[in-house]
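S.K.: The structure's right below; bear with me while I get my questions together.
Each value in this text was obtained by applying a stated rule to the coordinates, not by laboratory testing. Since we're looking at a predicted model, the values are computed, not measured.
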Amino acid sequence: MRYEYIFFDLDGTIIDSSEGVTSSVAYALEKYNIKVSDKKELYKFIGPPIIESFQNFYGFSKEKAGEALKYYREHYKEKGVFQNTLYPGIEDLIKALKDDNRTLIIATSKPEVYAKQILEDFGIAKFFTHIAGSTLDGTRLTKSDVMKYAVEISDIKDFSKAVMIGDREYDVLGAKEMGLSSIGVLYGFGSKEELEKAGADFIAASAQDIGKILLG
């Protein structure tokens, strides 16, 4: 199967955003006198909508989580957005797919404005036909919301020719909901067990493995 439409998650798939995300979460938690000794404890915040994670992992009410999100963004827009690294081989993969005339699309729970800034900073925004993310006003929040929007603006005629690449179950489940195939990556923040349980069609340990799946 040749996939013509390639959807990429951002955090944990194209970029390692752990430093920026965890430092911003820690900054927000400190506002409530919650100290985190090991920022790796906050890796669980990478992937899902941040507002939901404050509720799920710290028992915040919806209102309190909304306030915490404001603190998070306060730190993130000043510092966190710049604290990212590209995963090894990912830029070469993106260029190879583009050279092979594939349509590349970003579908991320990260706010779209930040996703665009990060990709532009790394000089790879130009390879993506669309960059779809969440909205700051909460009207497009979940991975499912973003996937629906990304598929809609991509005007896909044959869903069997589209695949979603991501590191968490949300990516796989979002793809399934839209009728897309999925590739789960192991170098991000999810686990093989999580991705297989969600029903990923392929598992890739590296950018090179993704290339083998998509380019042969």
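S.K.: Between rounded, prolate and oblate, where does region 18-82 land on the alpha carbon gyration tensor, with a ≥ b ≥ c its root eigenvalues, rounded for a/c under 1.5, else prolate if a/b exceeds b/c?
M.R.: rounded
S.K.: For volume of the Cα convex hull per residue in Å³, pick the label among (i) 111; (ii) 128; (iii) 167 that corresponds to the value derived from the coordinates.
M.R.: (i)
S.K.: Oh, and also: What does the helix-only formula give at 222 nm for the chain: each DSSP H stretch with n ≥ 4 adding -39500 (n - 2.57), the total divided by the residues, and the result rounded to the nearest 500 deg cm²/dmol?
M.R.: Helix contribution divided over all residues of the chain: -13000 deg cm²/dmol.
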